[in-house]
1. Give me the percent of the accessible area of the chain that comes from carbon and sulfur atoms, probe 1.4 Å, all protein chains in place.
2. Can you give the angle from 0 to 90° between the axis of helix 431-442 and the longest principal axis of the chain, with both taken from C-alpha atoms, to the nearest 10?
3. For the chain, find the longest principal axis of its Cα atoms and tell me its angle to the long axis of helix 364-375, 0 to 90°, nearest 10.
4. Classify the stretch 288-352 as rounded, prolate or oblate, taking a ≥ b ≥ c as the square roots of the eigenvalues of its Cα gyration tensor: rounded when a/c is under 1.5, otherwise prolate if a/b is larger than b/c and oblate if not.
5. In the full protein assembly as shown, how much of LEU549 is accessible to a 1.4 Å probe, in Å² to the nearest 10?
6. What is the helix-to-structure angle for 290-303, meaning the angle in degrees between its Cα long axis and the longest Cα principal axis of the chain, kept from 0 to 90 and rounded to the nearest 10?
7. Which ³J(HN,Hα) values, rounded to whole Hz and listed in residue order, are derived for the stretch 271-276 from phi using the Karplus coefficients 6.51, -1.76 and 1.60 in 6.51 cos²θ - 1.76 cosθ + 1.60 with θ = phi - 60°, glycine and proline given as x?
8. Can you tell me, using C-alpha contacts under 8 Å and at least 6 residues apart, the relative contact order of the stretch 280-427 as a whole percent?
Amino acid sequence: MYSLAIVGLGPRGLYALESLFVTLSRKRHKIIPKVALIESQTEIGCGSAWSIHQPDANTINISDRDLVELPERETINGDGYLIIAFPSFIDWVRDNYNHELDDNKDTYFKRNVMGHYLHQRARTIIDPLIKQDVVTLINARATSLKIVNQITEIDFENDQHQSIHVQHTLLTTGHLPEEKSKQDEEFSHHANQFSDVFFIHNPYSKKAYNQYNQLHHVAIKGMGLSMIDIVHLCIARLNGEFKTLNQEPFLSYEHHSKSDLKIYPFSLDGLPVIPKPLGKKVDQHFNVEKEVIDNLKKKLQTLQESPQHLKIENILAPIADIIQIIYERLEYDDSNKDIHSLILDWLMGKKVDSSIWLDKELSSVDYLKQACLMACGDQPFTLDYTIGQVWRQLQPTLYSIFTHSNLPPDLQSEFIKIDEFTKRYSYGPPVERVLQLIALSECGILDFGLASNPTIIEDKNGWILKNKSTEKKVHAMVNGVLASPNVKKINDPLINSLFSSNYLEPFHKELGIKTNENGCALTETESTIDIAVLGRNAKGSVYGVDAILECFSTETEKWSNHFVNTHLLE
């Protein structure tokens with residue numbers, strides 16, 4: 001029998017394993033656990049999101065400058081085991097790719113580069129622990145979990161591995177399959193009736209990667225980061241080249257393929273993601289001083305002391321204060337406007353008409369050009385751009401404050417929705433990726449003419465997309481909308497079995513699993529069981545879940561400290 005099973009050995013499961021043995025190495029009179037590591041992917045440490053086999057078209061959305069925060073692993077010297085140190089990400093790319101930071105321009109690596117880093121980091125801790133017979137690696141998909149007399153039995157898909165028995169379980173699963181929306185079900189059903197009509201629900205699946213070179217007239221549902229990846233996956237076969245124009249920073253795209261590739265992205269509002277600042281020199285306009293952040297922490301923590309009377313405006317007000325100060329120090333002549341009220345209204349989704357916003361009435365290409373000029377520091381920053389970039393600077397602080405907060409679930413959910421709303425700016429792509437979209441549009445491959453909520457009609461050759469002024473036919477539809485975690489919509493046998501057995505409770509009807517500050521799952525009666533959950537599927541209980549840096553957070557260290565102190569000390 002195993003002391004512990006870690007289900008999901010992506011980056012968060014990897015850091016949980018590291019934290020566990022770091023904590024153990026610092027304790028006397030401890031019990032060395034027998035650990036089962038359960039991972040369905042072939043490569044350990046990276047999960048599907050950071051797979052080392054994914055195409056180069058998929059790019060990280062966090063800059064090298066921010067990845068300085070991804071820490072090294074120090075040497076772990078325990079009773080009967082020695083785990084060598086492993087460098088931080090920035091030191092690793094310096095050694096392996098001769099990479100150096102540049103204040104003028106940030107670098108965004110390919111996702112498979114991060115995958116190789118995580119995979120190597122995982123092997124250097126797991127292999128020696130396997131040799132010491134401390135851990136067992138099970139390459140199979142866990143599908144059910146049952147607790148009988150405080151012993152947990154875990155079963156696996158298609159009997160890939162015999163059932164195992166464990167005392168405690170940690171779930172560190174990442175992106176899990178979700179139920180298709182009604183619209184996606186209709187897309188899928190329609191495509192299945194014709195051999196040359198395609199619907200791709202998961203754009204990052206192996207099946208999808210094999211289909212992109214067959215697509216010619218393509219609609220992409222969603223205009224976020226996945227849309228950009230999908231565009232690059234579609235154009236890869238053209239073997240084209242982006243070139244710098246005399247009108248910097250803009251680009252042109254040239255290719256000699258005879259392929260008639262047309263791509264039509266669309267979403268409900270038709271608004272694309274906004275690029276982050278080009279580099280440190282531009283981004284420093286939005287810097288928030290440590291003293292200001294410390295004061296914000298105090299204000300928000302004080303507000304949480306009386307959560308029953310709080311409204312979302314109370315939480316947003318001190319954040320708006322900071323954004324207002326930063327916007328006003330840019331020295332724009334907007335003294336006749338109530339900046340604070342404009343910021344609050346925008347964050348709360350109210351319609352805001354003002355000349356100091358990026359004009360939504362512009363064509364998509366002109367809108368993106370204005371955004372790129374701001375990102376390069378060549379044009380004054382609009383208020384919405386400023387809000388998004390300051391919010392990005394504050395996100396790590398907000399993550400820590402609103403993880404296991406005292407806010408009522410409905411209020412926590414409301415705040416998380418606002419954070420999701422800002423991600424069109426705060427989680428925006430690198431400038432270069434947006435400049436490439438503009439170039440693809442101007443050469444006729446990418447068409448934003450149907451971007452805003454087009455009518456979609458089924459056709460024997462695929463679908464017809466139309467609005468008042470234009471109509472286009474496509475034979476392929478790709479879903480580029482990756483939903484936020486909602487346990488009620490997860491279509492995973494393990495999670496579904498845990499809820500059907502009442503082992504787990506949702507934090508909120510639209511969010512993830514309810515846990516306490518140590519990651520332990522809470523039942524409806526607020527009692528804990530021998531299951532802990534870390535990561536995106538506990539969203540609501542925890543706040544920041546999707547960024548790679550959050551996989552290496554203090555929340556994981558809290559779990560390991562609690563687990564060791566509670567279960568492994570003699």
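1. On the way: 11560 of 25700 Å².
Ligands and nucleic acids excluded, carbon and sulfur reach 45 percent.
2. Orientation of helix 431-442: about 40 degrees from the principal axis.
3. Its long axis makes an angle of about 70 degrees.
4. Numbers: a/c = 3.32, a/b = 1.35, b/c = 2.46.
Because a/c hits 1.5 or more and a/b fails to exceed b/c, the stretch 288-352 counts as oblate.
5. 40
6. Helix 290-303 sits at roughly 70 degrees to that axis.
7. Ordered by residue, 3J(HN,Hα) equals 9, x, 6, 9, x, 6 Hz.
8. That works out to 34 percent.
The values are calculated or read from the model by the stated rules, or taken from the named source; none is laboratory data. Just so we're clear, the structure is a prediction, and the values are computed from it rather than from any experiment. Because the Cβ atoms are built from the backbone with ideal geometry, glycine has one as well, and the counts that use them run over all protein chains shown. Heavy atoms of the whole protein, side chains included, go into the accessibility calculation; ligands, DNA and RNA do not. Shrake-Rupley method; radii C 1.70, N 1.55, O 1.52, S 1.80 Å.
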